[in-house]
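Notes follow the structure.
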Amino acid sequence: MQNSDLHHYAVEPFVPIGFRRLGPKTGIPLVICHGLGAYHIQWEDEARHVAKKRPVLLIDVRGHGTSAMLRNCNSSDYSMELMADDITGVSNQCGYEKVDFLGNSLGGMIGLQIAHSRPGLLRGLLTCGTAFSFKLSPVIVWTKYLIYQVLGRRLPRFIARHATTNKEKQPLVEEMYTHASRDVMHFIDRQIY
């Protein structure tokens with residue numbers, strides 16, 4: 001997708017959220033939200049296809065892709081409530097009163113938070129690879145962070161090989177995680193678990 005349709009909106013001061021609007025101007029939009037460490041290009045092919053018939057809004061979660069990464073922050077700056085507020089704020093800015101929402105993994109968890117905090121916005125909610133909640137030890141969170149640090153520049157290739165068996169999509173996954181912030185992923189992991 002070309003960058004000409006890239007926009008930013010600061011729902012919270014100094015936290016611009018990157019988004020793309022595709023397709024027709026009228027109709028109920030499909031809001032698409034990516035998973036942890038990814039960004040809007042995760043859904044690029046699907047968005048282009050769906051946008052032939054209806055509006056599509058691709059949003060980068062704070063700290064991901066084209067959205068701002070906060071400085072001097074902690075895990076509370078990446079809470080589900082704040083990320084859901086970012087999504088609903090961008091949807092409001094675009095003038096959408098009702099949306100259908102599609103979220104993968106973290107994106108799905110954000111969708112569930114929107115269903116809880118702002119149910120009137122959603123006409124439909126579809127999640128994939130999403131758990132409603134996790135009850136794991138904090139040791140897991142810190143072990144993941146240690147793995148992020150030990151793998152260093154090899155992390156994107158490692159994730160690409162293990163996140164999908166589709167060889168054609170592995171370069172896309174590697175591209176997303178090359179730009180992912182390990183600190184942001186850790187902060188969100190701490191919020192999730």
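Consider the range 136-163 and keep the residues that are of a type in the set (Phe, Trp, Tyr) and within 15 Å of Ile188 (Cβ to Cβ). The one that is least open to solvent (accessible area, probe 1.4 Å) is Tyr148.
Would you point out the residue of the range 4-45, among those that are polar (S, T, N, Q) and without any contact (Cβ under 8 Å) to a residue 60 or more places away in the chain, that is farthest from Asp100 (Cα to Cα)? Break it down stepwise before answering.
To start, the set of residues in the range 4-45 that are polar (S, T, N, Q) comprises 4, 26, 42.
Retained after the next criterion (residues that are without any contact (Cβ under 8 Å) to a residue 60 or more places away in the chain): 4, 26.
Values: Ser4: 24, Thr26: 14 Å.
Per the criteria, the residue is Ser4.
Got at least one residue in the range 124-135 being in a helix (DSSP H, G or I), touching a residue at least 24 places away in the same chain (Cβ under 8 Å), of a type in the set (Val, Ile, Thr) and buried (at least 20 other Cβ atoms within 10 Å of the Cβ)? Even if it seems obvious, please write down each step before you answer.
Looking only at the range 124-135, we keep the residues that are in a helix (DSSP H, G or I), and these are none.
No, the conditions are met nowhere in the range 124-135.
Whenever a residue of the range 165-193 is surrounded by 15 or more Cβ atoms within 10 Å (Cβ to Cβ), its partners that are of a type in the set (Lys, Arg) and part of a helix (DSSP H, G or I), lying with C-beta atoms within less than 7 angstrom and at least six residues away or across chains, give the pairs Gln170/Arg161; Glu174/Arg157; Asp189/Lys144. Restricting the range 47-61 to residues that are within 22 Å of Thr88 (Cβ to Cβ) and charged (D, E, K, R) leaves a set whose member that is surrounded by the fewest Cβ atoms within 10 Å (Cβ to Cβ) is Arg54.
The values are calculated or read from the model by the stated rules, or taken from the named source; none is laboratory data. If you're wondering where the values come from, they're calculated on a predicted model, not measured in any experiment. Cβ sites come from the backbone with ideal geometry, for glycine too, and all protein chains shown count toward neighbours. Just so you know, the surface numbers come from the protein's heavy atoms only, side chains and all, with ligands and any DNA or RNA stripped out. Shrake-Rupley method; radii C 1.70, N 1.55, O 1.52, S 1.80 Å.
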